[in-house]
Each structure stands twice: as structure tokens, then as C-alpha cells.
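Colleague: This is the structure I want to talk about, given as C-alpha cells.
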Amino acid sequence: MFHKTEIIQIHELSVQLTWKSNVRMMRVRVLPPDGIIRATAPRWTSRKAVIEFLSERYEWMQKAVQKVQSRPRPTSLNYSEGEQVLLFGTPYTLHIQTVLSKEKAHVSLDASSITLHLEPEASREKRAALLQTFYKERLSMVVAVYMNDYQTKLNCAPIPFRILRRKSVWGTYNVRNRSIIFNLALAQAPLECVQYVVLHEMTHQYVHAHNAEFYQRMSALMPDWKQRRKALKAMVM
Ligand SMILES: [Zn+2]
């Protein structure tokens, strides 16, 4: 397969452009979390056509980079007082409170904030771990509700699931033991994205590949799955 990469400069933006033999159209994407711009073009596209294509999208790229870079990032979080964290796509202000001597560490939630209650001077790791536990509980509840709903609609047996940290996938369907793993980072994604991943993984019990039949089955129960997938792609894992 033909594959050649070059950096194309459009004003202040650097675009990583790859010419490929197996693509039919020019395409540009802005990738989270850093806002790296990647474009692909069919092998025989001229440089001039590429620059024209990217220049037309200059404002869109600028905005997309800003949007991606302004999102709260789990890796840069300090889990300290006043920081913004996401729960199902909504930003909340993080508060840190000290628990009384015999009280257990726990998390509370209200309309605009998430409060971590833990021992005095708990480390960043401890604060992060407590928030992750909270995310896991919330995500488990939401996933269970969606799975239940689709089990009824698909008339299938319950599928056991687990929630784990994953670096590159939102979900995995395991054919051998008929189970699903969901990425813990989904707790930060909007609910419609979580629901999309649930149905996507459940659909794999019938169709292994991402082919026409697979997407037909998706569309039957979720006509707007494409928009949901798009929103999910913009998320930081
Ligand atoms: Zn899949």
C-alpha cells in the first residue's frame, strides 16, 4: 500500500498529511487531546488541490483545535479544589472536604459540583482513585439500565460486563465468553455516547465485523448512531 506523509502549513496550523492509495476522498480530522491535525488524500491528489482543500477548512480547523484543547484532560488534572471535571458530558466543579476521623472516604454530587470527602492531606493519587471509584459506580448503573433496555428490544440473554481502564477502545465484545468490557472513561462522555457504545458492543453478538449488516442493525434501534459516534470521537479517553 502506498503511504507518504508530509507536514503542510496552513497559516499557523501544521497539518500532518498522508497520501494513501486506499482512500477515495480528502479528509481532515482534529485529534484529542492535543489538537493534532491529520489529513488524508488519495495518492494522486496534487499539492495544490490539498492546500486548497485545507485552506477552505482553515477556520473550521482553528475552531476544532481550540475546542479540543480547552477540554479538561484527565492526565493534567490535579484533582484539587475548584477544578472542572466531567460526568456524562457535564462539567462539575470539584470540591475537596476532610472527613471526620471515623467517617469513610466518599463522594457526593449536587447540581453543579462533585465533592470528594477524604482524610486530611490525601495525596493526588488517593483523590484520583476516589473519583475513579465514583465514576465506575455511576457508569455501571447507567450501562446496566441501557443493557437491560436493549436486552428486551433484542430479545437476547443478559450479557455480563465489566468496567476497566482502557487506552484505545471504548468497548470490547468478547465472543468466546460472551461478555463486554466498557472503558471507564465513558463516565465522562455524554449519555447518548454511552448508549451508543452499549448498543454497538451488544450488536457484535450477532455480527462480528463493522459491515453493512452491522450498521443496519444499529440503525434499526438507533437511527442517529452516526452523530453519537462523531461526538464520542471528539472525547478524550
Ligand atoms: Zn465494534
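The values are calculated or read from the model by the stated rules, or taken from the named source; none is laboratory data. What you see is a predicted model, and the numbers here were worked out from it, not measured in a lab. When we count neighbours, we look across all protein chains shown, and the Cβ atoms used for this are built from the backbone with ideal geometry, even at glycine.
Colleague: Which of the residues spanning segment 84-95 are at pLDDT below 95 and touching a helix residue (DSSP H, G or I) at 6+ places or on another chain (Cβ under 8 Å)?
Modeller: Val85, Leu86, Gly89
Colleague: Any idea which of (1) in contact (Cβ under 8 Å) with a residue 12 or more places away in the chain; (2) closer than 28 Å to Thr18 by Cβ; (3) polar (S, T, N, Q) is the one Gln84 doesn't satisfy?
Modeller: All conditions pass for Gln84, except number (2).
Colleague: Would you pick out the residues in segment 137-164 that are assigned to a loop (DSSP other than H, G, I, E, B) and surrounded by fewer than 12 Cβ atoms within 10 Å (Cβ to Cβ)?
Modeller: Asn155, Ala157, Pro158, Pro160
Colleague: Looking at segment 166-197, which of the residues that are in a loop (DSSP other than H, G, I, E, B) and among the small types (Gly, Ala, Ser) is surrounded by the fewest Cβ atoms within 10 Å (Cβ to Cβ)?
Modeller: Checked segment 166-197; the qualifying residue surrounded by the fewest Cβ atoms within 10 Å (Cβ to Cβ) is Ser168.
Colleague: Taking His106 as meeting all but one of (1) touching a Lys or Arg at 6+ places or on another chain (Cβ under 9 Å); (2) exposed (fewer than 15 other Cβ atoms within 10 Å of the Cβ); (3) over 24 Å from Met235 (Cβ atoms), write down the number of the exception.
Modeller: With (1) touching a Lys or Arg at 6+ places or on another chain (Cβ under 9 Å); (2) exposed (fewer than 15 other Cβ atoms within 10 Å of the Cβ); (3) over 24 Å from Met235 (Cβ atoms) applied to His106, the lone miss is (1).
Colleague: Then there is this: Quick one: in segment 1-27, which of the residues that are among the polar types (S, T, N, Q) and under 25 Å from the mean Cα position of the chain (by Cα) is surrounded by the fewest Cβ atoms within 10 Å (Cβ to Cβ)? Steps first, please.
Modeller: Residues of segment 1-27 among the polar types (S, T, N, Q): 5, 9, 14, 16, 18, 21-22.
Keeping just the survivors that are under 25 Å from the mean Cα position of the chain (by Cα) gives 14, 16, 18.
Numbers: Ser14: 11, Gln16: 15, Thr18: 15.
Among those residues, the one meeting the criterion is Ser14.
Colleague: When only residues in segment 157-177 that are aliphatic (A, V, I, L, M) and within 16 Å of the ligand (Cβ to nearest atom) count, which is nearest to the chain's Cα centre (by Cα)? So that I can check it myself, show each step before the final result.
Modeller: Going through segment 157-177, the residues aliphatic (A, V, I, L, M) turn out to be 157, 159, 163-164, 169, 175.
Narrowing the set further to residues that are within 16 Å of the ligand (Cβ to nearest atom) leaves 159, 169, 175.
On the way: Ile159: 22, Val169: 9, Val175: 23 Å.
Top of the filtered list is Val169.
Colleague: Being of a type outside the set (Phe, Trp, Tyr) and either farther than 13 Å from Phe161 by Cβ or in contact (Cβ under 8 Å) with a residue 40 or more places away in the chain (or both) is the filter here; which residues of segment 202-216 pass it?
Modeller: Taking segment 202-216 and keeping what is of a type outside the set (Phe, Trp, Tyr), we get 202-205, 207-213, 216.
If the condition is that a residue be of a type outside the set (Phe, Trp, Tyr) and either farther than 13 Å from Phe161 by Cβ or in contact (Cβ under 8 Å) with a residue 40 or more places away in the chain (or both), then Met202, Thr203, Gln205, Val207, His208, Ala209, His210, Asn211, Ala212, Glu213, Gln216 are the ones that fit.
Colleague: Continuing with the same structure: Of the conditions (1) without any contact (Cβ under 8 Å) to a residue 24 or more places away in the chain; (2) outside any helix (DSSP H, G or I), Ser219 fails just one. Which one is it?
Modeller: In the conditions (1) without any contact (Cβ under 8 Å) to a residue 24 or more places away in the chain; (2) outside any helix (DSSP H, G or I), Ser219 misses (2) alone.
Colleague: Oh, and also: Can you tell me which residue in segment 179-193 is nearest to Leu154 (Cα to Cα), limited to those that are more than 15 Å from the ligand (Cβ to nearest atom) and touching a residue at least 40 places away in the same chain (Cβ under 8 Å)? Explain how you work it out, then say what you get.
Modeller: If we filter segment 179-193 for residues that are more than 15 Å from the ligand (Cβ to nearest atom), which is where we start, we get 184-185, 187-192.
Okay, now just the ones that are also touching a residue at least 40 places away in the same chain (Cβ under 8 Å), so 184-185, 187-191.
Working: Leu184: 25, Ala185: 26, Ala187: 25, Gln188: 27, Ala189: 24, Pro190: 23, Leu191: 20 Å.
Checked segment 179-193; the qualifying residue nearest to Leu154 (Cα to Cα) is Leu191.
Colleague: While we're looking at this one, here's another question. Can you name the strands (runs of 3 or more DSSP E) wholly within segment 1-108 that have at least 3 residues being among the hydrophobic types (A, V, I, L, M, F, W, C)?
Modeller: Numbers: elements: 3-10, 13-20, 27-31, 36-42, 84-87, 90-98.
The strands (runs of 3 or more DSSP E) meeting that bar are 3-10, 13-20, 27-31, 36-42, 84-87.
Colleague: Could I ask something else about it? Kindly indicate whether any position in segment 198-206 is within 11 Å of the ligand (Cβ to nearest atom) and loosely packed, with under 15 Cβ neighbours inside 10 Å.
Modeller: Within segment 198-206, none of the residues are within 11 Å of the ligand (Cβ to nearest atom) and loosely packed, with under 15 Cβ neighbours inside 10 Å.
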